[in-house]
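Enquirer: Please find one structure pasted underneath; my questions will follow.
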Amino acid sequence: MLNESLLPVPTGLLQIPEIPKTLEISDNHSLKFSLVLPTYNEAGNIADIVKILSELLDHSMLGEYELIVVDDNSPDQTWKLALELTPDYPQLRVMRRVEEKGLSTAVIRGWQAARGEVLGVIDADLQHPPEVLEQLLQEMEKGADLALASRHVEGGGVSEWSIIRRFLSRGAQMLGLMILPEVIGRLSDPMSGYFMVRRSAIAGKTLSPVGYKILIEVTARGKIRWLAEAGYVFRERQAGESKVTWKQYIEYLQHLVRLRLSLSARFLQFCLVGLSGVVVDMGFLYLLSDENTLGWSLTRSKIIAAELAIINNFIWNDFWTFRDIARLQPGKRQRVKRLIKFNIVCLAGLVLNVLLLNIFFNVFQLNRYLANFLAIVCVTLWNFWINLKLSWRVTEVDNSPMNNE
Ligand code: GDD
Ligand code: MN
């Protein structure tokens, strides 16, 4: 009887649907906000947190939100206690997971079952002050793609953390900055487990977090253009105990490395395409300028060979390296526009290449081949970055679901 009112646990890929699954069957309207509470042995906290959150959210969005408890079959039967609360709280739904475990996947499974346009997560042990939700929701209303409660901005902090825990927390952040600067550098508190994200920013992306740090996964894989933060003080636990052990630090490292590899895949593709361009360039230089073939002048041959290499690289990049982005702007005119931008970036890269070679060789007095190699590395990075930001930039504007009700 009790089990029948449980939310079914989604299976398969950890992917958030564009349109909430339940809406496809019933003609239930979608909600503004779904807040997931991951729980493991929170029997002493669950009733309090549900009460506090409900009072708070009823005040600002009655009938437009839901709370989803995702419990990993806690020995203290948190899921059962939560289920017994549902008659008093119609917006409360409870998921009991038996097969799968772990904080990050609990959050994603909860979001998969969610009906909201904005998806949030908060600890169930009252260590995250619920009032901050209002500020975060305001940031989302303003148009943020992700709003995060941070201990390291104004108004934030930790209450009674030992020097060791503070040190470990900051150390983990520094390590993250070294391995994954483009993601960790955007977050003042990458360890935060208290945030919300627009469904449209992560829908369709396959998430694969290891361990605790779901925020890093979402920021790395989602389309997060506008990121907002609000300060909060991490409170002391009143009941139950923390589940963090040394294992979480290992998993964190594993997670960073996995993300690094998968985010670098595009760059590796770009480098391979670059190599194919060298082959094209060499080949045409031979065909056009060699005495045994056409025997044209070197400059004329080089200009044509270089241009053909650029076109070769553009085609590979458009259909392979950046295919996901190219698919978002498929028109012929847009493709030509990308080709022109790519051409300009490549020519600018050539100028930069010569400049750097001169600096490394003349100013730093490096060996000329080492200098040339370094110049090529720099220009490749520069080319990749500028092309990503300019040539394959998505120019259409997203309609934020919260602003057009
Ligand atoms: N379903 C599920 N499965 N829930 C879990 C699991 C799990 O394996 N492990 C922990 N939780 C739940 C807890 O019941 C609690 O509601 C929340 O996730 C946070 O777990 P804690 O064990 O209380 O974490 P903490 O207080 O040490 O860590 C907090 O601080 C970090 C910042 O340093 C959390 O807020 C983290 O989210 C945060 O990143
Ligand atoms: Mn906690």
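The values are calculated or read from the model by the stated rules, or taken from the named source; none is laboratory data. Since the model is a prediction, treat every value here as computed from it, not as a measurement. Here the Cβ positions follow ideal geometry from the backbone for every residue, glycine too, while neighbour counts run over all protein chains shown. What goes into the accessible areas is simple: the full protein's heavy atoms, side chains included, and nothing from ligands, DNA or RNA. Shrake-Rupley method; radii C 1.70, N 1.55, O 1.52, S 1.80 Å.
Enquirer: Could you please find all residues in the range 14-38 being open to solvent by 30 Å² or more (accessible area, probe 1.4 Å) and modelled with pLDDT of 90 or more?
Expert: Selection gives GLN15, GLU18, LYS32.
Enquirer: Of the numbered conditions (1) in contact with a helix residue (DSSP H, G or I) (Cβ under 7 Å, 6 or more places away or on another chain); (2) within 15 Å of ligand 2 (Cβ to nearest atom); (3) modelled with pLDDT under 90, GLY240 fails exactly one; give the number of that condition.
Expert: Here GLY240 clears every test but (1).
Enquirer: Does LEU268 satisfy being out of contact with any His (no Cβ under 6 Å at 6 or more places or on another chain), within 30 Å of MET191 (Cβ to Cβ) and not small (Gly, Ala, Ser)? Can you show your working first?
Expert: On the way: out of contact with any His (no Cβ under 6 Å at 6 or more places or on another chain): yes; within 30 Å of MET191 (Cβ to Cβ): yes; not small (Gly, Ala, Ser): yes.
In short, yes.
Enquirer: Can I ask one more? Output yes when any residue across the range 327-338 is of a type in the set (Lys, Arg), modelled with pLDDT under 90 and closer than 24 Å to ASN372 by Cβ, and no when none is.
Expert: no
Enquirer: To continue, here is another question. Looking only at the range 140-154, which residues are out of contact with any Asp or Glu (no Cβ under 8 Å at 6 or more places or on another chain) and either at pLDDT 90 or above or surrounded by 14 or more Cβ atoms within 10 Å (Cβ to Cβ) (or both)? Write out each step before concluding.
Expert: Initially, the range 140-154 is screened for residues out of contact with any Asp or Glu (no Cβ under 8 Å at 6 or more places or on another chain), giving 140-146, 154.
Of everything in the range 140-154, those that are out of contact with any Asp or Glu (no Cβ under 8 Å at 6 or more places or on another chain) and either at pLDDT 90 or above or surrounded by 14 or more Cβ atoms within 10 Å (Cβ to Cβ) (or both) turn out to be MET140, GLU141, LYS142, GLY143, ALA144, ASP145, LEU146.
Enquirer: For the condition modelled with pLDDT of 90 or more, within 21 Å of ARG260 (Cβ to Cβ) and touching a strand residue (DSSP E or B) at 6+ places or on another chain (Cβ under 6 Å), what is the one hit in LEU227, LEU175, LEU180, LEU207?
Expert: Only one candidate qualifies: LEU227.
Enquirer: Here is a further query. For the range 85-96, which positions are surrounded by fewer than 21 Cβ atoms within 10 Å (Cβ to Cβ) and in contact (Cβ under 8 Å) with a residue 40 or more places away in the chain?
Expert: Answer for the range 85-96, where residues must be surrounded by fewer than 21 Cβ atoms within 10 Å (Cβ to Cβ) and in contact (Cβ under 8 Å) with a residue 40 or more places away in the chain: THR86, LEU92.
Enquirer: From THR299, THR293, which residue is surrounded by fewer than 17 Cβ atoms within 10 Å (Cβ to Cβ), modelled with pLDDT under 90 and either touching a helix residue (DSSP H, G or I) at 6+ places or on another chain (Cβ under 6 Å) or farther than 19 Å from MET178 by Cα (or both)?
Expert: THR299
Enquirer: Let me ask something else about it. Look through the range 242-278, keep the residues that are open to solvent by 70 Å² or more (accessible area, probe 1.4 Å) and over 24 Å from the mean Cα position of the chain (by Cα), and return whichever of them is nearest to ligand 1 (Cβ to nearest atom).
Expert: Taking the candidates together, the pick is TRP246.
Enquirer: Taking the criterion of being more than 16 Å from ligand 2 (Cβ to nearest atom) and not in a helix (DSSP H, G or I), would at least one residue in the range 248-267 satisfy it?
Expert: Scanning the range 248-267, I find no residue that is more than 16 Å from ligand 2 (Cβ to nearest atom) and not in a helix (DSSP H, G or I), so the answer is no.
Enquirer: Same structure again: Given the conditions (1) open to solvent by less than 10 Å² (accessible area, probe 1.4 Å); (2) within 13 Å of ligand 1 (Cβ to nearest atom), which single one is not true for ALA43?
Expert: Failing condition for ALA43: (1).
Enquirer: Quick one: how many residues across the range 31-68 are over 12 Å from TYR89 (Cα atoms) and in contact with a helix residue (DSSP H, G or I) (Cβ under 6 Å, 6 or more places away or on another chain)?
Expert: Residues meeting the conditions: 7.
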